Amino acid sequence: MKADNEQRTGLLYGFGAYGLWGLVPLFWPLLKPSGAVEILAHRMVWSLAAVGLALVVTRRWGWIRTLASEPRRLGLTALAAAVISVNWGLYIWSVNNGRVVEASLGYFINPLVTIAIGVLVLGERLRRAQWAAVAIGVAAVLVLAIGYGRPPWISLTLAFSFAAYGLLKKKINLHGLDSLAAETALLFPPALGYLLWLAAQGQSTFTGQGPGHAALLAATGLVTAVPLVCFGAAAIRVPLSTLGLLQYLAPVFQFGLGVLYFHEAMPPERWAGFSLVWAALALLTWDALRTARRSRADLAAAATARSTATAEAPASPAAPAREPA
C-alpha cells in the first residue's frame, strides 16, 4: 500500500514537472520587452538564488569540496553550464519570435539524438527497432527541411545541445540539485556582469519597466527550479521507463500551444515531418516497453529457478554425535 502511494505521488510530481516545462512558452512572452539574452542572464542569476535556498533547506554542501578537488569534473561541469545556456537562450528566443512549434520539435527528436550519441560516443549497440526509429527520424528531418526551405536548425540545435548536456551530466555524476547549483554558480558571474553592463548603458529593463516586470524577471529562478525539484521527486519514486514516457508531455504541450494558442502555420509538409517523428517515437516506446517486459520476465524466471534449486537441494547430513569421553 505504501509503495502504491509512493508511486502515485511520484506520478503527480512527474506530471507537474513535465506539465510545467510544457506550459513554459506561456511565460517567456510576458517578459517582453526584455530580449532573449537579458532574460537568459536573469534566469541564471535568479536560478542560483532559488537553488541556493533549496541547498540551505536540505543542507547539501559536501559536493562543493568534492567538485573543487577534481579539476576534470569541474571542467565538465563548466562545459555543461555552457551547453545548457545555449539551450535555454535559444529556446527563449524561439518562443518570443513565434517558433514554438519548431522548438517543440527539438524536444520530440531529442530521444533519437540521444540514441545516436550513445552509438557514436559511447559505442552502444542498437536493437533493430532502434535503428528503424533513427532512420525514420532522419527521414523526418529531411521532409521538414524541404518544408521549411532550410534545415530545422532551431530544432536540431535544441535537440543536440540537450542530448550533449545529458551526456555531460552522466559523466559528471552529481545529484540533480547539486549539479544545477554548480552550473548556475559558474554562470552567475558572467550573467551578473552582463546585467550590470546593461544597467550602466541604460538598456536594462529590470528597473525601467516597473516593479511587476522586475518581479517577473526574478520569477525566472522559480520557473527553472520548481520543475527540477518536481522531477527529482518523481525520479526516486517511479520507474525510469515511466519517466521516459512522461517526458513526451512537455513537447506535446508545447506543440499544442504553438498551433492552438500562438496560431503558428502548419502546412501539409510540416504535418508529414511531425508525423514521421511521432512514428519514430512510437516505435522507440514500443521497443522500450517490450524490452522492459522481457527483462522482468527473465528476472522472475531466474528467481524461480534459484528458489526451486534451493528447495530441491539435498539436506547436509547431520554430524555424528560425539561419545562422551
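The values are calculated or read from the model by the stated rules, or taken from the named source; none is laboratory data. Fair warning: this is a prediction, and the values are worked out from it, not measured in the lab. In this analysis, Cβ positions are derived from the backbone assuming ideal geometry, glycine residues included, and neighbour counts consider all displayed protein chains. When the accessible area is computed, the model is the full protein with side chains, heavy atoms only, and any ligands, DNA or RNA have been set aside. Shrake-Rupley method; radii C 1.70, N 1.55, O 1.52, S 1.80 Å.
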Taking springs between alpha-carbon atoms closer than 10 angstrom, which of 268, 151, 189 fluctuates most in the Gaussian network model of the chain?
268
How large, in percent, is the carbon and sulfur part of the accessible surface of the chain at a probe radius of 1.4 Å?
67 percent
Binning at 10 angstrom from zero up to the longest distance, how are the C-alpha pair distances of region 178-226 distributed in percent?
23, 46, 28, 3
For residue 63, placing the label point 7 angstrom along Cα-to-beta-carbon and taking region 18-40, residues whose amide nitrogen sits under 20 Å are 18
Solvent-accessible ranking of 194, 165, largest area first, probe 1.4 Å:
194, 165
Which of the listed residues, 68, 91, 12, is farthest toward the dipole's positive end in region 1-143, when Lys, Arg count +1 and Asp, Glu count -1 at the beta-carbon?
68
Among 255, 52, 121 - extreme Cα towards positive end, dipole of the chain, charges at beta-carbon
121
State log₁₀ I(q)/I(0) for the chain at q = 0.07, 0.12, 0.13, 0.15 Å⁻¹ as given by the Debye formula over alpha-carbon point scatterers of equal weight, solvent excluded.
-0.36, -0.94, -1.09, -1.38
Please give the helix 220-235 orientation as an angle from the longest Cα principal axis of the chain, in degrees from 0 to 90, rounded to the nearest 10.
10 degrees
Heavy-atom accessible area per residue - the chain, 1.4 Å, Å²:
54 Å²
As a test of the definition: which semi-axes, in Å, follow for region 240-306 when you take the square root of five times each eigenvalue of its alpha carbon gyration tensor? Largest first, please.
38, 13, 4
Residue 287: accessible area at probe 1.4 Å, nearest 10 Å²?
0 Å²
When the dipole is taken about the Cα centre of the chain, and only Lys, Arg (+1) and Asp, Glu (-1) are charged at their Cβ, what size is it in debye, to the nearest 20?
460 debye
Quick one: if you stick a label point 7 Å off each Cα along the C-beta vector at residue 126 and residue 5, how many nm between them?
4.5 nm
Cα pair distances exceeding 11 angstrom across region 130-181, given as percent
75 percent
Cα-based Kirkwood hydrodynamic radius, region 106-212, one decimal, Å:
17.2 Å
Counting other C-beta atoms within 10 Å, and keeping those with at most 10, which DSSP coil trypsin sites (Lys or Arg not before Pro) do you find in region 75-130?
125
Can you give the log10 of the normalised intensity I(q)/I(0) at q = 0.12, 0.20 Å⁻¹, computed with Debye over equal Cα scatterers of region 29-161?
-0.68, -1.18
Using only Cα atoms and rounding to the nearest 10 degrees, what angle (0 to 90) does helix 2-23 make with the longest principal axis of the chain?
20 degrees
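At 1.567 mPa s and 4 °C, plugging the Kirkwood radius over alpha-carbon pairs of region 160-318 into Stokes-Einstein gives what diffusion coefficient in µm²/s?
Values: Rh = 21.5 Å.
Calculated translational D: 60 µm²/s.
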Taking a ≥ b ≥ c as the square roots of the eigenvalues of the Cα gyration tensor, with a/c under 1.5 meaning rounded and otherwise prolate when a/b exceeds b/c and oblate if not, region 1-97 is oblate
